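Heads up, the thing below is written out as structure tokens.
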Amino acid sequence: MIDETARKQIVRRLQSIEGHIRGIQRMVEENSYCIDIMKQINAVDAALGKVNQIILENHLSTCVTSAVRGDDPHERERVLQEIADVFEMTSKG
């Protein structure tokens, strides 16, 4: 579960990203300079990366910590494998 502070921060960032995406769409529709469009796309990529980081930090401090401290070895293994899978998927992207 995402704590309330992180949730609010994530929603604000996603709303900002949404605005940037609309701006990029408008730039494409207006046939703006390619490099300018690419710079905006890179900014959105970086902003999404920050959202991902906030979610990961929250997950590590809540779900993963609970599983590691818990008594269920299968749950510990599942949560740790889940994290490994996410990083593997990210490295393939």
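Read the figures in this text as sums done on the coordinates, not as results from a lab. From a predicted model like this one, the values you see are computed outputs, not experimental measurements. Neighbour counts run over all protein chains shown; Cβ positions are idealised from the backbone, glycine included.
Give the peptides 28-37, 45-54 in descending order of average Cβ contacts within 10 Å, highest first.
Ranked by mean Cβ neighbours within 10 Å, highest first: 45-54, 28-37.
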Residue 26-residue 66 FRET efficiency (beta carbon distance; Förster radius 41 Å; 0.05 resolution) | 0.40
Starting from the Cα gyration tensor of the chain, multiply each eigenvalue by 5, take the square root, and state the resulting semi-axes largest first in whole Å.
-> 36, 16, 7
Pick out the long, greasy-scoring helices in the chain: whole DSSP H runs spanning 30 Å or more along their own axis by Cα, mean Kyte-Doolittle at least -1.0.
-> 4-29, 34-59
If the cut-off is 24 Å between C-alpha atoms, which lysines fall inside it for residue 39, apart from same-chain ones fewer than 8 positions away?
-> 50, 92
